[in-house]
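The values are calculated or read from the model by the stated rules, or taken from the named source; none is laboratory data. All values derive from a computational prediction rather than experimental measurement. Neighbour counts are summed over all protein chains in view; Cβ atoms, including those assigned to glycine, are modelled from backbone coordinates with ideal geometry. For the accessible areas, the whole protein counts, side chains as well, though only heavy atoms, and no ligand, DNA or RNA atoms are used. Shrake-Rupley method; radii C 1.70, N 1.55, O 1.52, S 1.80 Å.
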Amino acid sequence: MAVPIAEGTDLSLPEAKYEYLDHTADVQLHSWGEDLKEAFENVGIAMFNYMTDLQTVDMTLQTEIEAQGDDLEGLLFHFLDEWLFIFSADDFFIPRKIVITEFDMEAFRIKAIGYGEAFDLDKHPQGTEVKAITYSAMQIYNDDEKGQHELFVIIDI
C-alpha cells in the first residue's frame, strides 16, 4: 500500500536509460545502466512511461515491492510483474522513480521502492495498457569487463 514519502527522501530523477523497440503486436523494452541494478530500475520506469507520460506524475507517495526468482530471468520477470500488480491492485499506483534497496544476485531476491502517485485520468495521459510481462526473447547482459549491463523484455500490450 502506498504511503506518504518520508521527509528527506532524495527525489532527484536519474537520466533515462531506456528505449522502446518495435516488436510484432507487442513492445520490447531495452534498458541499460552502470550496473545491473540500474538497468533493472530503468526497465521498470520504461514500462510505466509506456503506460503514461511520467513527467505528469508527482512523487507524493511511496510503495515497496519484493520479488524473487529461480534465476536472473525469473527475477526480472517477477520484478516487473510485482510492479504491474501494484499498479493494478494498489489504487493504480504509478512510480516516477524506482530505487532498488536490496539486490541479491545469488539468492535472486530484490526489494525496491517506487516514488509516485495514484494514476488519475484527469491528470495523466493514458498510454498503452500493459497486460503482462513475458519471458519471450528476454535477454540479460551483465559483463563488468565490457561495461555492458542491458536488459531486453517484451511486454504484452
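A few comments on the model shown:
- The listed residues are 119, 77, 93, 152, and the only one of them that is of a type in the set (Phe, Trp, Tyr) and over 14 Å from the mean Cα position of the chain (by Cα) turns out to be 119.
- Of residues in segment 1-41 being open to solvent by 40 Å² or more (accessible area, probe 1.4 Å) and among the aliphatic types (A, V, I, L, M), the one nearest to residue 91 (Cα to Cα): 1
- Being touching a residue at least 40 places away in the same chain (Cβ under 8 Å), in a helix (DSSP H, G or I) and closer than 15 Å to residue 127 by Cα is a property that residue 76 lacks.
- When residues of segment 2-30 are limited to those that are within 29 Å of residue 135 (Cα to Cα) and of a type in the set (Ser, Thr, Tyr), the one nearest to the chain's Cα centre (by Cα): 18
- Scoring residue 148 on the criteria (1) at pLDDT 95 or above; (2) touching a strand residue (DSSP E or B) at 6+ places or on another chain (Cβ under 7 Å); (3) under 28 Å from residue 24 (Cα atoms) leaves a single failure, condition (1).
- Strands (runs of 3 or more DSSP E) fully within segment 90-157 counting 1 or more residues that are polar (S, T, N, Q) and closer than 22 Å to residue 37 by Cβ: 93-104, 139-143, 148-156
- For segment 130-157, the tally of residues that are in contact with a Leu (Cβ under 7 Å, 6 or more places away or on another chain) and of a type in the set (Val, Ile, Thr) stands at 5.
- Of all the listed residues (44, 116), the sole one being open to solvent by less than 40 Å² (accessible area, probe 1.4 Å), among the small types (Gly, Ala, Ser), farther than 26 Å from residue 148 by Cα and touching a strand residue (DSSP E or B) at 6+ places or on another chain (Cβ under 6 Å) is 116.
- Any hit, segment 78-94, residues being farther than 27 Å from residue 146 by Cα, open to solvent by 40 Å² or more (accessible area, probe 1.4 Å), at pLDDT below 95 and of a type in the set (Phe, Trp, Tyr): yes
- Subset of segment 14-43 [over 17 Å from residue 83 (Cβ atoms), aliphatic (A, V, I, L, M) and assigned to a loop (DSSP other than H, G, I, E, B)]: 25
- Within segment 97-113, the set of residues being free of Cβ contacts under 8 Å to residues at least 12 places away in the same chain and either under 20 Å from residue 9 (Cα atoms) or open to solvent by less than 20 Å² (accessible area, probe 1.4 Å) (or both) comprises 102 only.
- Condition broken by residue 121, with the remaining ones in (1) at pLDDT below 95; (2) among the aliphatic types (A, V, I, L, M); (3) under 24 Å from residue 27 (Cα atoms); (4) surrounded by 12 or more Cβ atoms within 10 Å (Cβ to Cβ) satisfied: (4)
- Any hit, segment 57-68, residues being within 22 Å of residue 34 (Cα to Cα), part of a loop (DSSP other than H, G, I, E, B) and open to solvent by 30 Å² or more (accessible area, probe 1.4 Å): no
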